[in-house]
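The structure under discussion appears below in the form of structure tokens.
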Amino acid sequence: MASPEISAKPDLGSLRIHDGQRSQSKMGKRIFYASIPVLIFAGIVGAAYAFRSQKPIVEVAAAAKADPGGRQTLLNASGYVTPRRRATIAAKITGRVTGVFFDEGTRVAQGQLLATLDDSDAKRALDSAKADRDAARAAIADLEVQLKNAQIALHRAEQLQKAGVQTQEALDNATTNADSLKAKIELAKQQVAAAESRIAVAQQAVDNCTIRAPFSGIVVSKDAQVGEMVSPISAGGGFTRTGIATIVDMHSNEFEVDVNESYIARVEPGQDVKAVLDAYPDRDIPSKVRTVIPSADRQKATVKVRISIPNLEKYNFILPDMGVKVSFEGPPQAAPAKGPEALSYVPKGAIRTDGGTSFVFLVKDGRVERRAVSVGLDRGTDVAILAGVTPGDSLVVKGPENLRDGDKVEIRQ
């Protein structure tokens, strides 16, 4: 019986696109195209916000105290107290600390004993070298006695040989014996010299077990305790110290400041400087430029300037690593004409104008604050401020033109 024929024709009705599906597709396209401007706008807003959130980089300077009729402030800078003589005292050898004879704040004199190391091995080596030297000296004394007797025997043999009583062989034996003793004495003398050299080395090893102050000063750091191992170089692992103490000569304190390389031409050796410590803002310290270090820091674009402190003994409150602000002064100037008294002087770059009104940006806690000021007379690179700024205020002297009140900023060091 034949099977019924199965139709292979496709059902075209199943491929029909219904009106509902067509309308949904059109609606999706409309939403997609309509969202493109919104996405673009959101991207622009996000980029603007991200750009705005970046902190502007600014350079700052401190407002200087007014000194009517005095000297013009050419430049302000900041830095730290740095002693010219500062040393970390370390042992010349590796050893165990057996004694420490100082504490932080102890005044020490040059050559004063600071610490001792275990010297038992060094002393044994010294005693051994001395014993070798003494043995060699004793051998020399014995050989010299033997040589004296040998020379007497040689002289007798020569006389007997001349008289024809003794053979030539006996004379040769006497001569050989005397020469042999002379050679032994020379060898013993060399042994004495070698022993003396070993004694010197061993004595130096013993001396290296005592650590003394290289100069007079004050101990500012105690870096080792009794029982610890010390070494002139780092041995790794954290179990070996490389220093015993740090000593500072307080009579060598000076100021070291970083000056922007754009202004370094205003600084020269011998120039008068007015310094104020951050810890003692009410005490002015007259100082002088000692030297300008002939090298610039390419990353910070600054040059180091070292400033000496005349009559340093008067300022016993100056301690190493204290922060300091300095003002480099120009030559004396005649007193200005009578007028409103200036409160402070600021660099010209700090003054900005808006509609005829002068203002500055103060930097406080990482933000800028717009402050209106009353500007007085021009003094070269500085401008007198009659109102609005007090000495010591940190002002923006270089930064973006679109800086606004309340902006967070990053200070370029």
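The values are calculated or read from the model by the stated rules, or taken from the named source; none is laboratory data. Just so we're clear, the structure is a prediction, and the values are computed from it rather than from any experiment. Using ideal geometry, Cβ is built from the backbone for each residue, glycine included, and neighbour counts are taken over all protein chains shown.
Structural remarks
- Residue among D278, D272, D378, D282 that alone is at pLDDT below 90 and closer than 30 Å to R84 by Cα: D282
- Here V267, V220, V276, V292 are screened, and the one residue that is in the same structural domain as P310 (by TED's automatic domain parsing) and within 18 Å of the chain's Cα centre (by Cα) is V292.
Okay, residues lined up against (1) touching a residue at least 24 places away in the same chain (Cβ under 8 Å); (2) not polar (S, T, N, Q):
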| site | (1), (2) |
| --- | --- |
| S197 | no, no |
| A200 | no, yes |
| A205 | yes, yes |
| N208 | yes, no |
| F215 | yes, yes |
| I218 | yes, yes |
| K222 | yes, yes |
| Q225 | yes, no |
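- Taking the listed residues R133, R96, R156, the one that is of a type in the set (K, R), assigned to a helix (DSSP H, G or I) and at pLDDT 90 or above is R133, with no other qualifying.
- G366 closer than 17 Å to N76 by Cα, modelled with pLDDT under 90, exposed (fewer than 15 other Cβ atoms within 10 Å of the Cβ) and in contact with a strand residue (DSSP E or B) (Cβ under 7 Å, 6 or more places away or on another chain): no
- Checklist (1) within 57 Å of the chain's Cα centre (by Cα); (2) more than 30 Å from R124 (Cβ to Cβ) applied to Q203, failing item: (2)
- Positions within the range 380-393 being in a strand (DSSP E or B) and crowded, with 16+ Cβ neighbours inside 10 Å, in sequence order: D382, V383, A384, I385, L386
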